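Okay, structure first, notes after.
The values are calculated or read from the model by the stated rules, or taken from the named source; none is laboratory data. Owing to the predicted nature of the structure, the values given are computational and were not obtained by experimental measurement. Neighbour counts run over all protein chains shown; Cβ positions are idealised from the backbone, glycine included. Note: areas computed on protein heavy atoms with side chains; ligands, DNA, RNA excluded. Shrake-Rupley method; radii C 1.70, N 1.55, O 1.52, S 1.80 Å.
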Amino acid sequence: MTTHTLDLRSIRAILFDVDGTLYAQQPLRCRMVYELVKSFCRSPLETLATTRYLQAFRRERETLRDVDPGCELELWQYRLPSEKYGLDEKRLRVVVADWIHQRPLRYLKGCRRDDLDTFLLAARQHGVKLGTYSDYPAAAKVAALGLADHFDLHLCSTEPQINRFKPAPNGILAACDHWQVEPGSLLYIGDRAAVDGAASDAAGCHFLLIGQRGHDKYPAAKSYSFLYD
């Protein structure tokens, strides 16, 4: 297996994916399954419908990764599953807002990655700019994690100036433009090689795969327990 090294001293800015990167996904998924079970016990039919809406939204959203929607992505991510599966678009928006954007917030801090605070403080002490770029809105999640003071930039793929999901590099390049840094001096940290790593490659920036040990293409780390020399 290839051995990778990453010299953090050459990095002027670090951009983070959020879901699975600033916090571990599996503990959150377990908590959200518990939420669905509680909901099912109260209202079985409504919960089954909610699950159908969520599955359709996530499934069709993934199909938009490798295509230019040719229209406003914020709108199309709802319209596509609604038209394909005959779902009520207004209800879909309500379900997504509740189950994807709001309910997980109460659990995020308990799922935060180990040593993340120490890493962020070390980066700031070295004058490194810090931001997030996710396919979902991130500011509320970062606040729920108790990390809002560390970041000065939050970008989302559905914003009009980006309008593409990863692995398109639009969001990473938008961060470079905002900070006035070259892609070669920016590090993107994510948990999905095929999405986050591919976006980094397309942008021409560095990439670190978090939550894993060893990867045949990218430097990988199990946690944020590494610091600057």
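Within the stretch 92-112, find all residues whose amide N lies under 14 Å from a label point positioned 7 Å from the Cα of residue 140 along Cα-to-beta-carbon. Inside the label zone: 93-108.
Each label was represented as a point 7 Å from its Cα along the Cα-to-Cβ direction; for residue 216 and residue 75 these points are 4.3 nm apart.
Taking 19, 191, 88 as the candidate residues, the one with maximal mean-square fluctuation in a Gaussian network model of the chain, Cα springs under 10 Å, is 88. Taking all protein chains together and rolling a 1.4 Å probe, residue 31 ends up with roughly 90 Å² accessible. The slack in the chain from residue 66 to residue 46, taken as 0.36 nm per residue of separation less the alpha-carbon distance, amounts to 3.9 nm. Solvent-accessible area of residue 67, all protein chains in place: 60 Å² (probe radius 1.4 Å, heavy atoms, ligands and nucleic acids excluded).
On a 0 to 90° scale, report how tilted helix 44-63 is relative to the longest principal axis of the chain, with both axes built from alpha carbons and the result rounded to the nearest 10. Long axis of 44-63 versus the principal axis of the chain: about 40 degrees.
Would you work out what percent of the accessible area of the chain, with all protein chains in place, is carbon or sulfur (probe 1.4 Å)? Numbers along the way, then the final one.
Working: 5670 of 11280 Å².
Exposed carbon and sulfur together represent 50 percent of the surface.
Pairs of Cα atoms under 8 Å, at least six residues apart: use those to get the relative contact order of the chain, whole percent.
Details: 358 pairs, mean separation 65.3, N = 229.
About 28 percent, as a whole number.
Mind checking the angle between helix 73-85 and the chain's longest principal axis? C-alpha axes, 0 to 90 degrees, to the nearest 10. Taking Cα atoms only, the helix is inclined about 40 degrees.
Listed cross-link partners 90/141; 141/217; 38/129; 84/129; 90/217; 90/129 are compared with a 32 Å cut-off, the Cα-Cα value being larger for 38/129; 84/129; 90/217; 90/129.
For a paramagnetic label modelled on residue 223 (point 7 Å from Cα along Cα→Cβ), amide N atoms under 12 Å away belong, within the stretch 104-145, to 112-119.
Keeping all protein chains in place, calculate the accessible area per residue for the chain (probe 1.4 angstrom), answer in Å². Write down the numbers at each step before the final one.
On the way: 11280 Å² over 229 residues.
Result: 49 Å² of accessible area for each residue.
With axes computed from alpha carbons, what is the tilt in degrees of helix 170-179 against the longest principal axis of the chain, rounded to the nearest 10 within 0 to 90? That works out to roughly 50 degrees.
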